[in-house]
Amino acid sequence: MTTALVVQPGDAAGVPLADGAFELLADGGAVSASRLTLTTGADGAPPHHHKLSHELFYVLDGTMLFRLGDTLTTVGKGGLVVIPPGLPHVFGAAEGEVADTVVVLSPGIERFGYFEQLAAISRGEAEFASLLTEQDRYDVHFEDVPHWRSAPSRQ
């Protein structure tokens, strides 16, 4: 990229979710950036990790719940989370809270197709299995973390 990217309000590609909204601000290149709004207590993406990208969350409003590896943490308005490659994670709006967040992945990988498919799954229009063959393409590698909002049991 040799010029600046400017995305004016209303110019971002949007995808309606069953429990919120997604806007893709930048896709691929040095970064992929999006804005994710989740309704009260809604889950974001399924548990996953990235092999190549760091993922950054900046909470614009509300409260987010993150499971980062085996750690549960709540992050409110103005909070920041940076997740390194390889760390399993999952996120959503905290119980009883809405959440509005900016999400940045670096390096960026074109993921708009992933978000369109994830949105279709959230609305019941597609099966989750349709994403399993696309994990390498989108650098989203799914993890088996049932009941992710519960604290992990210690053995």
Accessible surface of Leu105 - all protein chains present, 1.4 Å probe, nearest 10 Å²: 10 Å²
field: Surface accessible to a 1.4 Å probe, per residue, for the residues of the stretch 23-114, Å²
entry: 41 Å²
- prompt: Where Lys and Arg each count +1 and Asp and Glu each count -1, what net charge lies around Val98 among other residues with Cβ under 12 Å from its Cβ?
  reply: -4
statement: One checks the Cα atoms of the chain and finds Rg and Dmax, in Å, of 14.9, 53
- request: Express in whole angstrom the spacing between the alpha-carbon centres of the stretch 9-53 and the stretch 68-134.
  value: 7 Å
statement: Residue-normalised 222 nm signal for the chain, counting each DSSP H run of n ≥ 4 as -39,500 (n - 2.57), nearest 500 deg cm²/dmol, is -2500 deg cm²/dmol
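The values are calculated or read from the model by the stated rules, or taken from the named source; none is laboratory data. Values in this document were obtained by computation on a predicted structure and should not be read as measured data. Please note: Cβ atoms are built from the backbone with ideal geometry, for glycine as well, and neighbour counts cover all protein chains shown. When the accessible area is computed, the model is the full protein with side chains, heavy atoms only, and any ligands, DNA or RNA have been set aside. Shrake-Rupley method; radii C 1.70, N 1.55, O 1.52, S 1.80 Å.
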